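**Student:** Here it is, the structure in full.
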Amino acid sequence: MAAAARRLSAASLPLRHHHLLLRPFASSASGQPPITVETSVPFTAHKIEPPSRLVDTTPSELLTFFRDMSMMRRMEIAADSLYKSKLIRGFCHLYDGQEAVAIGLEAAITKKDAIITAYRDHCIFLARGGSLVESYAELMGRRSGCSKGKGGSMHFYKKDSGFFGGHGIVGAQVPLGCGLAFAQKYTKEGTVSFALYGDGAANQGQLFEALNISALWDLPVILVCENNHYGMGTAEWRAAKSPSYYKRGDYVPGLKVDGMDVLAVKQACKFAKEYALQNGPIILEMDTYRYHGHSMSDPGSTYRTRDEITGVRQERDPIERIRKLILSNELATASELKDIEKEVRKEVDDAIAQAKESPMPDPSELFTNVYVKGFGAEVFGTDRKEVKAVLP
Amino acid sequence: MAAALQTAALLSASHNLIDPQRFRVGLLARSLPGRRGSIFVVRADGRTSGFFNAKSRSGNLITNAVATKADASTSSTASKPGHELLLFEALREGLEEEMDRDPHVCVMGEDVGHYGGSYKVTKGLAPKYGDLRVLDTPIAENSFTGMGIGAAMTGLRPVVEGMNMGFLLLAFNQISNNCGMLHYTSGGQFKIPIVIRGPGGVGRQLGAEHSQRLESYFQSIPGLQLVACSTPYNAKGLMKAAIRSENPVVLFEHVLLYNLKERIPDEEYVLCLEEAEMVRPGGHVTILTYSRMRYHVMQAVKTLVNKGYDPEVIDIRSLKPFDLYTIGNSVKKTHRVLIVEECMRTGGIGSSLRAAIIDNFWDYLDAPILCLSSQDVPTPYAGTLEEWTVVQPAQIVAAVEQLCE
């Protein structure tokens with residue numbers, strides 16, 4: 001670990017709270033030699049010239065990718081055991097296997113850009129700057145959760161860093177995302193919105209309606225289809241006549257990306273952001289995979305074989321790819337990487353312990369935040385019967 | 001004023017039985033006194049069809065409020081009649097029997113086929129009937145509900161499943177404008193014999209968007225019939241009745257009731273869609289409820305009986321139209337009404353029911369109608385908050401005590 005620390009110190013990484021993800025540094029101003037990596041597969045494009053397969057990165061960025069993805073992987077696995085011990089209840093949709101999309105996306109944009117996604121949102125929340133404690137507290141329904149325990153697994157939000165949730169109804173977040181882009185164009189901020197959805201949601205009508213409007217008005221929105229090939233129990237070929245989701249925009253250009261290769265994701269998102277700011281919407285299809293079932297109540301093996309799952313894990317796992325990259329470029333030793341994983345594990349365990357101690361919400365919280373009221377007002381239910389809460 | 005005069009005229013004319021013709025829906029199953037358990041099927045156009053005489057059920061009340069763990073086998077023992085099964089299995093049995101009986105019945109929904117249904121209601125049906133009769137749809141509620149309605153216009157009898165009732169909000173336009181209104185706007189040419197079903201209600205920390213009570217949103221749609229099942233017995237009966245009905249029926253199931261176990265008859269039976277179920281006859285107060293709240297009410301009744309009260313509990317089952325016949329007879333007897341529902345206070349089934357009772361039975365009431373409903377808030381995720389959103393047995397006990405003072 002000491003050798004890695006020496007290497008990392010040259011890049012003057014900011015020492016922030018360890019449970020927040022560190023922003024990857026990609027410029028050569030840090031004095032590190034940039035590494036050029038070729039993506040696993042070339043990009044497939046629809047009605048546009050694809051970006052180059054060669055991606056520039058730095059050692060510190062790769063190490064940050066490794067650390068952050070391990071953190072996400074560990075977080076989801078810990079959430080699995082918390083669910084099985086009934087500390088997390090209801091619906092819990094886990095993201096392990098898809099980490100590269102969240103990390104690669106974050107590496108290409110700023111916190112001023114907006115991201116909106118569906119219910120598989122824990123890791124995107126983390127990537128946007130959310131803390132582990134907030135996440136676990138929310139999952140366990142505690143007061144210090146990011147939505148004060150009132151939202152749950154499917155409703156994580158972080159307004160100050162442009163993360164707009166966290167939505168339970170399939171496909172409903174895409175028109176919202178286009179609306180975010182509309183506001184960005186309206187206020188001329190020079191930022192973009194990424195609306196993430198799955199292959200199941202790609203068949204929702206509202207998506208095409210929103211896409212049509214966005215293309216008509218040249219909104220800076222990027223629709224990202226996280227294609228993990230299964231919409232709960234239905235494989236993509238059984239739900240979609242054309243599973244080439246990047247082509248579904250028809251008049252809107254699209255790019256197909258290997259969603260298990262974080263550098264490819266980063267390249268594609270950077271490319272898409274530049275495109276969207278100039279020309280309007282673009283679709284990115286991330287070819288990715290989820291190891292868990294659709295949610296914790298789905299074993300995930302009734303509609304796909306275990307061989308398929310282990311096959312993807314062996315050949316395409318995003319964390320293993322970065323590990324191999326780091327080791328082959330001799331940026332760190334295997335034991336240093338193992339140390340990072342151990343550190344990450346400890347952080348996650350600490351966060352869970354801290355979250356477990358957080359109290360449940362106060363009963364009066366049942367009635368707060370239903371409406372927005374001015375200060376000094378008494379809050380009534382819609383029937384004016386009872387005083388629910390008095391704001392200070 | 002007119003309503004009061006009408007009621008007065010009626011009351012002078014009839015004695016013990018309120019004339020069912022008085023109500024808009026011209027048919028009601030007349031439950032003959034002392035013959036609980038036998039059922040009629042009355043068709044929507046007024047004809048009575050067949051006479052399915054099921055073995056009269058003993059009053060075995062299921063008093064645990066939520067899903068019990070599925071026990072071992074559901075096979076019947078030689079000594080007791082009927083067979084034991086869980087509520088989702090009862091729904092499946094009803095569906096399967098109807099699909100066997102009528103080749104026009106088909107099922108469509110998300111993950112109903114190969115996956116077997118997210119709550120296992122359609123498990124095993126796809127291998128048996130094939131992909132065309134048990135359709136796995138893409139996630140496009142608006143479209144496939146609309147397609148189901150279109151198919152129904154030509155004579156098919158689709159059973160559309162919303163994986164969660166909340167998703168059917170995406171299909172609200174289709175359900176309201178096409179499903180509900182087409183029979184009227186076409187001057188009676190098109191019938192829509194569709195069944196729209198799915199689980200709704202507040203579950204175990206499922207979050208705000210997945211804990212919705214759509215019966216309150218759908219109740220204004222003209223042309224629809226709404227029913228809510230609460231036991232395996234009435235689940236199977238209502239499913240069969242809904243499929244056989246020529247009208248569009250929305251069948252509300254509840255996420256927490258799928259694992260209820262009960263012994264149901266082996267013989268075929270179909271329940272009446274518009275009839276309410278007398279759960280516990282009594283004399284002091286009428287408690288009207290449906291779906292999951294029935295179990296909270298029965299839990300409260302245990303306490304109330306110990307305290308010396310004798311509540312009459314009616315599971316209204318039919319949310320649109322209300323079985324004002326059964327309800328009216330009960331109000332005549334007890335003169336006090338408590339409505340316990342899971343809808344939110346504003347605009348729920350309870351508020352409509354309250355209005356209907358006041359319109360029709362005002363003179364029989366000795367006390368204002370109390371209505372216990374869920375709070376007007378999105379259902380929070382935290383377990384403790386979620387509990388406070390919904391009516392709990394203790395509140396029911398307190399309300400009855402307040403009513404009976």
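**Student:** In the stretch A:207-242, which residues are within 11 Å of another protein chain (Cβ to nearest Cβ), closer than 19 Å to residue A:98 by Cβ and of a type outside the set (A, V, I, L, M)?
**Tutor:** Matches in the stretch A:207-242: A:230, A:231, A:233, A:234, A:236.
**Student:** Taking the stretch A:128-153 as the region of interest, how many residues are within 14 Å of another protein chain (Cβ to nearest Cβ) and in contact with a Leu (Cβ under 9 Å, 6 or more places away or on another chain)?
**Tutor:** Looking only at that region, the number is 10.
**Student:** Continuing with the same structure: Looking at (1) part of a helix (DSSP H, G or I); (2) away from chain A (no Cβ under 14 Å); (3) touching a residue at least 60 places away in the same chain (Cβ under 8 Å), which is the one condition that is false for residue B:184?
**Tutor:** Evaluating residue B:184 over (1) part of a helix (DSSP H, G or I); (2) away from chain A (no Cβ under 14 Å); (3) touching a residue at least 60 places away in the same chain (Cβ under 8 Å) leaves (3) as the failure.
**Student:** Restricting to the stretch A:212-255, name every residue that is in a strand (DSSP E or B) and over 21 Å from residue A:278 (Cβ atoms). Lay out the reasoning, then the answer.
**Tutor:** Within the stretch A:212-255, the first condition is being in a strand (DSSP E or B), and the residues that meet it are A:221-227, A:230-231, A:234-235, A:254-255.
Result: A:225, A:226, A:227, A:230, A:231, A:234, A:235.
**Student:** Same structure, new question: Evaluate the stretch A:185-196: report whether one residue or more is outside any strand (DSSP E or B), charged (D, E, K, R) and within 16 Å of the chain's Cα centre (by Cα).
**Tutor:** no
**Student:** Residue check: is residue A:267 over 26 Å from residue A:35 (Cβ atoms) and at pLDDT 95 or above?
**Tutor:** Values: over 26 Å from residue A:35 (Cβ atoms): no; at pLDDT 95 or above: yes.
It is false that residue A:267 is over 26 Å from residue A:35 (Cβ atoms) and at pLDDT 95 or above.
**Student:** Which one is farthest from the other protein chains (Cβ to nearest Cβ) among residues in the stretch A:160-175 that are on the phi < 0 side of the Ramachandran plot and touching a strand residue (DSSP E or B) at 6+ places or on another chain (Cβ under 6 Å)? Steps first, answer last, please.
**Tutor:** Taking the stretch A:160-175 and keeping what is on the phi < 0 side of the Ramachandran plot, we get A:160-161, A:163-164, A:167-170, A:172-175.
Now restrict to residues that are touching a strand residue (DSSP E or B) at 6+ places or on another chain (Cβ under 6 Å): A:163-164, A:173-174.
Working: A:163: 17, A:164: 15, A:173: 11, A:174: 12 Å.
That would be A:163.
**Student:** Considering only residues that are surrounded by 24 or more Cβ atoms within 10 Å (Cβ to Cβ) and under 24 Å from residue B:214 (Cα atoms), which ones fall in the stretch B:112-136? Reasoning before the result, please.
**Tutor:** Pass one, the stretch B:112-136, residues surrounded by 24 or more Cβ atoms within 10 Å (Cβ to Cβ): B:112-113, B:117, B:121-122, B:134.
Within the stretch B:112-136, B:112, B:117, B:121, B:122 qualify.
**Student:** Would you check if there is a residue in the stretch A:263-274 being within 14 Å of another protein chain (Cβ to nearest Cβ), part of a helix (DSSP H, G or I) and within 27 Å of residue A:79 (Cβ to Cβ)? Steps first, answer last, please.
**Tutor:** Filtering the stretch A:263-274 for residues within 14 Å of another protein chain (Cβ to nearest Cβ) gives none.
There is no residue in the stretch A:263-274 that is within 14 Å of another protein chain (Cβ to nearest Cβ), part of a helix (DSSP H, G or I) and within 27 Å of residue A:79 (Cβ to Cβ).
**Student:** What are the residues in the stretch B:342-360 that are within 14 Å of chain A (Cβ to nearest Cβ) and assigned to a helix (DSSP H, G or I), if any? Give the steps one after another, and end with the answer.
**Tutor:** Applying the first criterion (within 14 Å of chain A (Cβ to nearest Cβ)) to the stretch B:342-360 yields B:343-348, B:350-351, B:354.
B:350, B:351, B:354, listed by residue number.
**Student:** Which residue pairs have Cβ atoms under 7 Å apart, sit 6 or more places apart or on different chains, and have a first residue in the stretch B:203-227 that is farther than 20 Å from residue B:272 by Cβ and touching a residue at least 40 places away in the same chain (Cβ under 8 Å) and a second that is part of a helix (DSSP H, G or I) and among the charged types (D, E, K, R)?
**Tutor:** Once the first residue is farther than 20 Å from residue B:272 by Cβ and touching a residue at least 40 places away in the same chain (Cβ under 8 Å) and sits in the stretch B:203-227, its partners that are part of a helix (DSSP H, G or I) and among the charged types (D, E, K, R) give B:205/B:386.
**Student:** Oh, and also: Looking at B:170, B:156, can you tell me which residue is away from chain A (no Cβ under 11 Å) and in contact (Cβ under 8 Å) with a residue 24 or more places away in the chain?
**Tutor:** Details: B:170 fails: away from chain A (no Cβ under 11 Å).
None of the other options fit; the residue is B:156.
**Student:** Another one. I'd like to know if the stretch A:196-203 contains one or more residues that are crowded, with 23+ Cβ neighbours inside 10 Å and away from chain B (no Cβ under 14 Å).
**Tutor:** Yes, because at least one residue in the stretch A:196-203 is crowded, with 23+ Cβ neighbours inside 10 Å and away from chain B (no Cβ under 14 Å).
**Student:** Can I ask one more? Which members of the stretch B:323-338 meet the condition of being of a type in the set (Phe, Trp, Tyr) and touching a strand residue (DSSP E or B) at 6+ places or on another chain (Cβ under 9 Å)? Let's see the steps before the verdict.
**Tutor:** Filtering the stretch B:323-338 for residues of a type in the set (Phe, Trp, Tyr) gives B:325.
Scanning the stretch B:323-338 gives no hits.
**Student:** If a residue counts only when it is surrounded by fewer than 24 Cβ atoms within 10 Å (Cβ to Cβ) and of a type in the set (Ser, Thr, Tyr), which helices (runs of 4 or more DSSP H) contained entirely in the stretch A:58-135 have at least 3 such residues?
**Tutor:** Working: elements: A:59-84, A:99-108, A:122-127.
Where helices (runs of 4 or more DSSP H) fall fully within the stretch A:58-135 and carry at least 3 residues being surrounded by fewer than 24 Cβ atoms within 10 Å (Cβ to Cβ) and of a type in the set (Ser, Thr, Tyr), they are A:59-84.
**Student:** Now for a separate question. Residues in the stretch A:351-361 that are surrounded by fewer than 15 Cβ atoms within 10 Å (Cβ to Cβ) and touching a residue at least 24 places away in the same chain (Cβ under 8 Å): how many?
**Tutor:** Restricting attention to the stretch A:351-361, the residues satisfying the condition of being surrounded by fewer than 15 Cβ atoms within 10 Å (Cβ to Cβ) are A:353, A:356-357, A:359.
After this cut, where a residue has to be touching a residue at least 24 places away in the same chain (Cβ under 8 Å) as well, the list is A:356, A:359.
Residues meeting the conditions: 2.
**Student:** Related question: Which residue is surrounded by the most Cβ atoms within 10 Å (Cβ to Cβ), if the candidates are limited to the stretch B:263-292 and must be within 11 Å of the chain's Cα centre (by Cα) and not in a loop (DSSP other than H, G, I, E, B)?
**Tutor:** B:289
**Student:** A follow-up question, please. In the stretch A:245-270, what residues are under 17 Å from residue A:109 (Cβ atoms), buried (at least 22 other Cβ atoms within 10 Å of the Cβ) and not β-branched (Val, Ile, Thr)? Can you show your working first?
**Tutor:** Going residue by residue through the stretch A:245-270, those that are under 17 Å from residue A:109 (Cβ atoms) are A:255, A:257, A:259, A:262-270.
Among the residues that remain, those that are also buried (at least 22 other Cβ atoms within 10 Å of the Cβ) are: A:255, A:257, A:259, A:262-269.
Correct list: A:255, A:259, A:263, A:264, A:266, A:267, A:268, A:269.
**Student:** Go through (1) part of a helix (DSSP H, G or I); (2) buried (at least 22 other Cβ atoms within 10 Å of the Cβ); (3) in contact with a Phe, Trp or Tyr (Cβ under 9 Å, 6 or more places away or on another chain) for residue B:241 and report which single condition fails.
**Tutor:** (3)
**Student:** Filter the stretch A:204-226 down to residues that are touching a helix residue (DSSP H, G or I) at 6+ places or on another chain (Cβ under 6 Å) and either closer than 27 Å to residue A:317 by Cα or in contact (Cβ under 8 Å) with a residue 60 or more places away in the chain (or both), then give me how many there are.
**Tutor:** 7
**Student:** Ok, one more. Scan the stretch B:116-129 and give yes if some residue there is more than 9 Å from chain A (Cβ to nearest Cβ), within 19 Å of residue B:200 (Cα to Cα) and hydrophobic (A, V, I, L, M, F, W, C), otherwise no. Reasoning before the result, please.
**Tutor:** We begin by selecting, within the stretch B:116-129, every residue more than 9 Å from chain A (Cβ to nearest Cβ); these are B:117, B:119-129.
Add one more test, that the residue is within 19 Å of residue B:200 (Cα to Cα), and what stays is B:117, B:119-122.
Filter once more, so that each one left must be hydrophobic (A, V, I, L, M, F, W, C): B:121.
Checking the stretch B:116-129: at least one residue is more than 9 Å from chain A (Cβ to nearest Cβ), within 19 Å of residue B:200 (Cα to Cα) and hydrophobic (A, V, I, L, M, F, W, C).
**Student:** Could you tell me which residue of the stretch A:317-337 is surrounded by the fewest Cβ atoms within 10 Å (Cβ to Cβ), considering only residues that are within 21 Å of the chain's Cα centre (by Cα) and more than 14 Å from residue A:59 (Cα to Cα)?
**Tutor:** Just the residues of the stretch A:317-337 that are within 21 Å of the chain's Cα centre (by Cα), to begin with: A:317-323.
Next, only the ones that are more than 14 Å from residue A:59 (Cα to Cα) stay: A:317-321.
Numbers: A:317: 21, A:318: 29, A:319: 23, A:320: 14, A:321: 21.
Only one residue fits best here, namely A:320.
**Student:** Considering only the stretch B:361-389, state which residues are more than 11 Å from chain A (Cβ to nearest Cβ) and either within 22 Å of the chain's Cα centre (by Cα) or part of a loop (DSSP other than H, G, I, E, B) (or both). Steps first, answer last, please.
**Tutor:** At the first step, the residues of the stretch B:361-389 found to be more than 11 Å from chain A (Cβ to nearest Cβ) are B:361-370, B:372.
Across the stretch B:361-389, the qualifying residues are B:365, B:366, B:367, B:368, B:369, B:370, B:372.
**Student:** Filtering the stretch B:372-394 down to residues that are touching a helix residue (DSSP H, G or I) at 6+ places or on another chain (Cβ under 8 Å) and free of Cβ contacts under 8 Å to residues at least 40 places away in the same chain, which residue is surrounded by the fewest Cβ atoms within 10 Å (Cβ to Cβ)?
**Tutor:** Here the answer is B:384.
**Student:** Just to be sure, is residue A:330 farther than 30 Å from residue A:178 by Cβ and not in a loop (DSSP other than H, G, I, E, B)?
**Tutor:** Values: farther than 30 Å from residue A:178 by Cβ: yes; not in a loop (DSSP other than H, G, I, E, B): no.
Judged against the criteria, residue A:330 is not a match.
The values are calculated or read from the model by the stated rules, or taken from the named source; none is laboratory data. None of the values given here were measured: they were computed from a predicted structure. Please note: Cβ atoms are built from the backbone with ideal geometry, for glycine as well, and neighbour counts cover all protein chains shown.
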